[in-house]
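Structure record follows, encoded as structure tokens.
The values are calculated or read from the model by the stated rules, or taken from the named source; none is laboratory data. Computed from a predicted structure; not experimentally measured. With ideal geometry, Cβ positions are generated from the backbone for all residues, glycine too; neighbour counts draw on all protein chains shown.
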Amino acid sequence: KPIGERVELADLPLREDLRGRTPYGAPQLDVPVRLNTNENPYPPTPELVADVTRAVAEVAGGLHRYPDRDAVALREDLAAYLSTSTGVPLTGRNLWAANGSNEIIQQVLQAFGGPGRTALGFEPSYSMHPIIAAGTRTEWAPTPRRADFSLDTEKAAETVDARQPDVVFVTSPNNPTGQSIPTRDLRGLIEAAPGMVVVDEAYAEFSSRQSAVSLLADYPGKLIVSRTMSKAFAFAGGRLGYLAAAPAVVDALLLVRLPYHLSALTQAAARASLRHAAETLGSVAKLAAERDRVAEALAGLGFDVVPSDANFVLFGWFEDARATWRSYLERGVLIRDVGIAGHLRVTVGTPEENDVFLAASKEVDR
Ligand code: PMP
């Protein structure tokens, strides 16, 4: 038994506002087919592994020194990638990087949210937005999407105008429902917002829609576009998230970030991974085609399928989503119960994994 086990959470002088909360907890289970956390199912190529290994070996000899606090070279590389993929000319001064986009979002709320401030999001959406709001003591203002999970941007702009939140989150494509928001619809929302608007584009590479990065020149004092290497880039284990914004936004985040937050190992590995962007992102078209195949097959089996341009599909309807989730698990397939009544979310895997999932879909209790 570990020392101190007789002390329970309830015994600790925890902040009152954190009592009774539940931590983020996607189950990490060792099952044959894992389609629950929206990762890229294709492992890095041997060439990429060799390049990451070489890059890490190069910095290993300098680990007695702190890393570049401002990750200048990495930010230049990210700017080059994002400029090429969006057609918007960005420099390293427009980019900021952290340990996953979760940390990016945390830094944004530390700087622009906090006690006495409010962040608003359109639910159902990414569950970490309210959790990070709670951690930074930012009041969370959940605003519902339409019953079909699409976003009524006109009504959203009205709500933003009425609530005057300090930060607005728009997830596009939205997790866990899959749809993205056209950039022209974002304009009204940004114009209505009195504070910062964070467009969370964690799944942007899977969508054919224009990135909100194209709006940065028009709204430099308001817009933040957050991205991640965890999904399309197949770098979830490397932990690298980033944002694009005006340089002044980066200056604001420097006030709250921990010094040396990005290790030399992370910076080197991420830069090596970025050098292989073309080959890694080659999987995106394959995954998008598989997503469409899975969605069609599910519809063919009589499920309701929510249209998606990400690498996952939300589907239903289940009398008891938890029981159906268990029924998949018994067949060696781990998908996600995202807490939406009657629905489950499946990440698009390799064709073989998707076949196992679809076979299980014919048998599960509904
Ligand atoms: N935003 C969204 C919408 C996500 O779905 C995720 C991961 N599930 C993240 C941000 C965070 O990803 P990471 O911290 O790995 O970059």
Could you list, in sequence order, all residues of segment 261-273 that are under 10 Å from residue 98 (Cα atoms) and in contact with a Lys or Arg (Cβ under 9 Å, 6 or more places away or on another chain)? 261, 262, 266
Helices (runs of 4 or more DSSP H) within segment 64-150 that include 3 or more residues among the hydroxyl-bearing types (Ser, Thr, Tyr): 72-86
So for segment 162-184 (the condition being under 15 Å from the mean Cα position of the chain (by Cα), hydrophobic (A, V, I, L, M, F, W, C), farther than 26 Å from residue 316 by Cβ and within 14 Å of the ligand (Cβ to nearest atom)), does at least one residue qualify? no
Residue in segment 210-231 that is under 30 Å from residue 150 (Cβ atoms), within 19 Å of the chain's Cα centre (by Cα), surrounded by fewer than 22 Cβ atoms within 10 Å (Cβ to Cβ) and modelled with pLDDT of 95 or more present: yes
Is there a residue being assigned to a loop (DSSP other than H, G, I, E, B) and in contact with a Phe, Trp or Tyr (Cβ under 8 Å, 6 or more places away or on another chain) anywhere in segment 18-39? yes
Among the residues of segment 191-209 satisfying the criterion of being more than 15 Å from residue 121 (Cβ to Cβ) and not small (Gly, Ala, Ser), which is surrounded by the fewest Cβ atoms within 10 Å (Cβ to Cβ)? 194
Which residues, counting only those in segment 92-134, are away from the ligand (no atom under 11 Å from the Cβ), hydrophobic (A, V, I, L, M, F, W, C), crowded, with 21+ Cβ neighbours inside 10 Å and under 30 Å from residue 148 (Cβ atoms)? 108, 109, 119, 120, 122, 133
For residue 222, which of the numbered conditions (1) in contact (Cβ under 8 Å) with a residue 40 or more places away in the chain; (2) on the phi < 0 side of the Ramachandran plot; (3) touching a helix residue (DSSP H, G or I) at 6+ places or on another chain (Cβ under 8 Å) fails to hold? (1)
Conditions (1) part of a helix (DSSP H, G or I); (2) in contact with a Phe, Trp or Tyr (Cβ under 8 Å, 6 or more places away or on another chain); (3) farther than 25 Å from residue 242 by Cα: number failed by residue 315: (1)
Given the structure, is residue 16 under 23 Å from the mean Cα position of the chain (by Cα) and of a type in the set (Asp, Glu)? no
Of the residues in segment 246-276, those that are surrounded by 17 or more Cβ atoms within 10 Å (Cβ to Cβ), within 16 Å of the ligand (Cβ to nearest atom) and either farther than 13 Å from residue 70 by Cβ or of a type in the set (Phe, Trp, Tyr) (or both) number 5
Those residues of segment 288-305 which are of a type in the set (A, V, I, L, M) and surrounded by fewer than 22 Cβ atoms within 10 Å (Cβ to Cβ) amount to 288, 289, 295, 297, 298, 299, 301, 305
